[in-house]
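FYI, it's all coordinate maths here, none of it is from the lab. In this text, all values refer to a predicted model and were calculated from it rather than measured experimentally. Cβ placement follows ideal geometry from the backbone for every residue including glycine, while neighbour counts extend to all protein chains displayed.
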Amino acid sequence: MKKKIIGLVMAAGVILSSLLIYSVGNNQIKAEEVANTGSKSSVDPSSLRVKFPDYSQLPWQSLPLGVHAFNERSFDTSSAGATLGWHYGRSSDKVIPDFSGANLEELKMNLDYGVTPTTELNGYVPYGTSGGLFNTEEEEPIAGGWTVYRRGFPVSSAPIIFAQGDKVIEPLSQFGHGDPNLNQPAAIASNVKVYTTGTAIPEKAIKVEYELKNNPAVKTANMFEFHVKVESVARILAGKTVSANSLKVTNLSEKKLENFVLGSQYDIDLLGTYNRGYGQDVSDNTLPVKFLGHNRGVKYTAHYLKRTKYVDHFLLNFYFDTLDKPDNWSVKQIRPLGQVESFYDPAYSGFSGPTASGQENNNTPAPAGSIAYSAEQKDPKITAAYNTALYMKNQPVDLEKNQSTGYTFNTAAGVMDAKQPLIFVDSPTAYYTGESPQKVSGTVMDYKATTTSLDVMYSFNAKGPFKKATTVSSYVPGVDKEWSFEIPTAELAPITKEKIVYLKTVNNGNVESTVVQQLLEHNVAPTLTADKSVDWFMTGSSYTINGQWKEADGDAVSLYYSLDGGAPKQFESSLVNSPANTDRKFSSVIAAAELGDTAHQLSVWAEDSRTGESAVETWTISPHNQPNASANLAIATPEIFEGETVVFTSTFQNSAPAPSIWRDVLYETTEVFPEHVKVDTTTVKLNGQAIAATDIEFGADRKLKVKLGEIKPGIEMNLTYNVMSEISNPPILTPIEVNQAYKVSGITADETVVTAVSGELKGFTIKPRIAEIKISHVKEGSDPETSLASEPVRSGLIGTEETVSAKAIDGYILSKVTIDGVEQTPYANSAKVKFGESSEVKFYYQNKPNLTAKLDIALPEISEGEKVTFTSTIQNTVAAPSVLNDVLYKTTEAFPENVDVDLTSVKLNGQAIPKENVVLGSARRLNVKLGQLEPSIEYKLTYDVVSKITTPPLMTPLKVDQAYTVTGKNVDASVSEASSGALQSFTIKPRIDSIYTLHLEEGSERELAEEPDASGIVGEKVTISAKKIDGYVLSKVLIDEVEQETVSNEVTVTYGENYLVEFYYTGVLEIKSAPTGFDFGVVPSSYEKVRVESALAKGDPLVITDNRLGNQNWTLNATLTTPLSNKSGKILPDVIRYKNGNEEIKLRGEGMPIVTRETTTTGDYSISDTWSSTGDGFKMEVAPGIVNELGNYHAEILFEMGITP
C-alpha cells in the first residue's frame, strides 16, 4: 500500500487552509473527560452565538464548477523565495448540480483539497498528485472490511461531522454512516456554488456553499434527519502570515434540528513522501504537537530529508483564540477509517460525549512549547502507530429554521531555518475604535543559535520607519515566544475606515524577518436597550421583545435573542442605521410554542457586520398566572361613642405566583355610610404609606373609592383608614349600627376584570355620648386593694370635663393618681378628666409618716481635749407604704467655738455617710442629709463631739446643750418633722494636771528625799529645784524619763506637757567638818627634846562623810603647806606629827596619809573622837637645840581625802 499524499499548505510563512477548519490541543496533562449525557449544555448564551464573519461586503465573483478560477503564484514573494498560489480544479469539465455515490467523494476532494494554497520552496514544489489533504493515488484494498474505490477513498480526514446525541455521521464520506457493507452515501449534496474575490483587491478569499440532506435510503443506527446549508470561507490578506478559516451550518428544514453538534477531524501531515524525479524525499512526522500557550492553540513542526539530508523545517500554527472559536478542541490519535462512533472515544478524539470538553482550557498557566500530544501519550489500547489528528466541535444546540452554528479559527505557517527570524500575528484582522489603545499580539521564533533577544517593530507605512514596540528577552532558539504591545491612542489618529499595521522582528544579530501585517478595521459596536418592564407572557401566547438600537459606523446590524442560554436566534438582519447613530426601535415576537409554560432567561443583543457586539440585555420572563384575589375586612373595635373614630383595615392579596398582572385596581366600599358617619380621607394608607388625595374619593354616594394601581402578586396589602362618628346636634340617644364590606377590582393581562369581595358585612356600634367615671380611694400596695373611702360613680356628657379630687383621710397622704391605669406625672390632689375619654380615676394613699427622735450623750462630763459620742435614734414608726424622702437631720443649738463635730465619724446604722452629705456650717449647727428612710426601721445616727484644747486653756467648767430636729418629704411633697425633745447636755471640765518630782540615789533608785506633787493648769510653767542632801551631789536630771543634757539644780516644765521630774544624786566622800586650828599651847624652850601629846582643836571636829555605794577604803592625807615658823621666818622642821595607832607620821610639805579606813556603812565618821593624849591625834615634838628664837610659831595643814585602792 502506498502512503496517502498530504500537501503542504504554505507560502512565505503563510498558510491558507483550503476551506478546512483545523483544530488542535493537548497537554502533558491528560485532557478532562466529561461523561456523555446526550443532553444540551447549559452555558452562557454568549458562548453559543454564531459569529460567522459577515463577508457580504467583499466583491464576490461566482466561479462555475469545473473551471479554474486562477492559477497564480505571484501574490507575495518572501525572502525565502516562497510564492503563494491558489488552485481550484476538478476531474470533470461540466458542472455537477447534485452529488451522490462516488460523486460525493469528488465533491469532497473539490472542496477540501482541490481548492488548495500551495507553495514553492526554493524551487521545490511538493504538489503530490493534487496537493490536497484527502488524496489517494490509486485503487487498492485496505483493512477493516472497507472497499477502496477510485476517487472515492474514505480518507482519514472529516472536515464536517454531524452529531445528534450519540449519533455521529460524516456527511462528505462515502461510508460516513458507519456501515462498511452499505454502499450508499450518508448525505446528498446539492446547489454547490464557489466564489472568489479575484485579484481586484489585496484581500483574497474563496467561499464555497452547498446544501446537504440526509440520504433517506440509509437507515443505520447513526442516521438522523437534516437539511442544511454549509458555507466555508478561507480569507487572507496579501503579505499576511495568518489566514482566517470559517465554517457555518444553517438549518433549512421546517423541523427543529435538536441537540445538534457540529464537529471536524483533520489528519495533519505537513509533508508526504513521493518521488517526482528529484530523488527520494522522506518526511519526519514523529515530532510532538505543542501548545502555543495560554489556551491559544497548538503548533505542528516537521522537517524532511532531501537527498539524504535535512534541508528545511516547517511550522504550522492553529489559533483558537478568535472571538468565534469552536467550543471545544483537542489533538489526539487519528481514528480508524469508517468508525464514526469513535468521535466520542477519549482515546482518539479526547471527547467523551456531546457536552464533553477538550483541551481548550488545559493550557491556561503553561508557557508556550509544552507538549499537547506525543507518541508517549498514545493510549495503550491503540495498536496503530503514532499519527496525530485535530478535533473540534461545538456544544449541542437546537436550531430552528434559518438558525446557524459554526466557528472560525486562524492558521499560520512558516519555514523554520536559521537565515532569518519569523514573526506571526494572532489575528489577520482586528477592529479598533480609535478611542483607546489598540492591542497587537503574536509570536516570534528564531532558530539561529546566537539569538538571545528579538525586538518587535511596527509602522503604519510598509516602507517604515519602524518603531520598536517591545523586546522578547531571554530568548531560547527554536521556541515560539509570545509578544504583545499596545499602540497608543494618539497614533491611531486620524480615524479611518481601515489601517494596516506592518510588523517585523529583528534579532540581536540585527537580522530582520519578513514584514507581516494586520488589518485594523474601524468599528464601533452597536448599542441596544431592551424594555424589561414586561416580564411575563400568557401561557399559550407569544411574547414581544421591544427596545431600541443604534449603530455609529453604518454597518449592517443583526439582532439576536436566546432563551436559557440556548442557541442565538436572529430576528432582524442587515438593518441599516440611517442616518448613523440614531435610535431605532425594534420589536420581535417569540412564538408561544417556543415559550411553552415555563419561565425563561431571555437575552437580547445586537451585532454589526464586523462582529461588533452590544452589551447583552438579560432578564427573566415567566408564564402569566391569573390573579387569585382574596379580601378581608377588620374593624378595630365593635363599639365607639358618638364623636369617636374607629380604624378599618382591609386586607387583600393576589396570591397567584409571579408573574400575575393585576392592574388598575379599585377599592370600593359596598355599603352607604350613614349620615354623620364619614371616612377621614387624610388617614387612608396602603401598607403604612399615605395615598395621594387625587386617588381617594368619598363623595355624595357616601362610599369610599381608592385607586390602588397595580397590586404585585404574593404581597399582602393592608388598606387602613379612620371612620369618624360626627357629633350630632342634638346628640344621639340610641345606638346606631354601621355595617360595611368592600370589593377590589382590577384588570389582568388578558384585559379581563378580577374582583374580590370581603365577604359578609361587618359592623360596629356608635353609642350615645353619655359616659361614666369611676372614682376610687385605695391604699397603695394593698392586695387586694383596700378601699379607704367610697365615692359614687359620676356620669356626664362625652367630651365634657370633670374635676375629681382626692380626699383628706386621717393617717394617710396621697401618693399617686392614675387615670385609666396610667399614672399621672406630676400629680395633684385633683384631676381633670373628660367623659368618654376616661373611665376611672384612682387615688392611691400611703400611711402618713410618724417620725420619732431621741438624743443620747454617752458621758455627762469630759475634760478639755476629750470627746463624747452623740447617738440620735430616728424612726418612722408606721408600716409600709410610707415614703419619706430627703430626710434632713439638724442640731438646734450652736456648738461652742471650742467644740467641734468629727465629721468623719458620722455614721447611720454603722455605715459612713458620704462627706458631701455632712456639713457643720458657720452657725455651728450640724446638718446631715439622710436620704430616704424606710418605714418601721430604727435608724441610729452617731457622731463624736470633740472638746478642743484652747489657748489659754479652759479655766472654768463649760456646759454644752444640744437637741436636734429631723424632717422629711412625704410622697405628696408635704413635710414630716420630729424633735429630740428637751436639751441634752454634757460638761467640759478645765484640764488640771500634776507633775511628780523624785530625788533618787543614782545606782540604787533609793529615794533620798520626799517632795509633794506639783499641780497646775495645763499649759502653765513651773520651776522645780533639786534638794541639798548632805553627802550627796546632783548627778543627772530626767524630765518625762528623758535625761537632760545639762545637769541643773533647777528645771522649768509645763503642766499638761510634762508629768515627771527626776533628780539623781551620787553619794560623796568628803570632809564634812574640820577644826579651824590646833593649839599646842606654850612650850618652854629647852635644849632638850620637847614633846606635846595633844593639841586643843578649835572649831568643828574633824568628821569624814562617806555616802558612796559599796564598801570602799578611803585615806586622809595631811600636807604641811606652811611649815611651823615665826614671824621672822624661823622654821622648826619635823615638829608637827600625827599618830595613828603604832605609826607616827611627820607632817611635811608633801601629802602624807595620816588615817586609812574601810567604809562599811555610809554616813559620818568623826576622826576627832579617836584623838587622845595617849592615843591617836596630832603631836608635836621639838628636837633639842633647834629653837633659838622664842615667840609664836604658826603652821598650816591641808587635809585631803583620797580613795584607797
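About the centre of its Cα atoms, region 770-847 shows a dipole size close to 140 debye [charges on the beta carbon of Lys, Arg (+1) and Asp, Glu (-1) only; nearest 20 debye]. Residues in region 1064-1075 carry Karplus couplings, in order, of 9, 10, 10, x, 10, 9, 7, 7, 5, 8, 8, x Hz; the curve used is 6.51 cos²θ - 1.76 cosθ + 1.60 with θ = phi - 60°, and Gly or Pro positions show x.
Look at where the Cα atoms of region 1013-1065 and of region 1138-1205 average out, and the two centres are 43 Å apart.
The charge dipole of region 1069-1204, taken about its Cα centre with unit charges on the Cβ atoms of Lys, Arg (+1), Asp and Glu (-1) only, comes to about 280 debye. With 19 Å as the limit on Cα-Cα distance, the pairs of Lys774/Lys834; Lys685/Lys712; Lys393/Lys439; Lys1072/Lys1146 that go past it are Lys393/Lys439; Lys1072/Lys1146. Convex hull volume of the Cα atoms of region 458-605, normalised per residue: 192 Å³.
Evaluated at 4 °C with a viscosity of 1.567 mPa s, what Stokes-Einstein diffusion coefficient in µm²/s does region 542-660 have when Rh comes from the Kirkwood expression over alpha-carbon pairs?
For the chosen part, D equals 71 µm²/s.
Restricting the GluC sites (Glu not before Pro) of region 1065-1170 to loop positions (DSSP other than H, G, I, E, B) with no more than 16 neighbouring Cβ atoms within 10 Å leaves Glu1088, Glu1093, Glu1150. Which of Thr818, Thr800, Phe843 sits closest to the plus end of the dipole of region 788-883, meaning its Cα is farthest towards the positive end, when Lys and Arg get +1 and Asp and Glu get -1 on the C-beta? So the residue we want is Thr800. The listed peptides 180-188, 635-643, ordered by packing as a protection proxy, come out as 180-188, 635-643 (highest mean of other Cβ atoms within 10 Å first).
Pairs of C-alpha atoms in region 418-522 farther apart than 15 Å represent 59 percent of all such pairs.
In terms of the mean number of neighbouring beta-carbon atoms within 10 Å, the peptides 768-778, 982-992 order highest first as 768-778, 982-992.
For region 418-522, the Cβ-based charge dipole about the Cα centre amounts to some 300 debye (Lys, Arg positive; Asp, Glu negative; other atoms uncharged).
Per-peptide packing, taken as the mean over residues of other Cβ atoms within 10 Å, places 1073-1083, 936-946 in the sequence 936-946, 1073-1083 from highest down.
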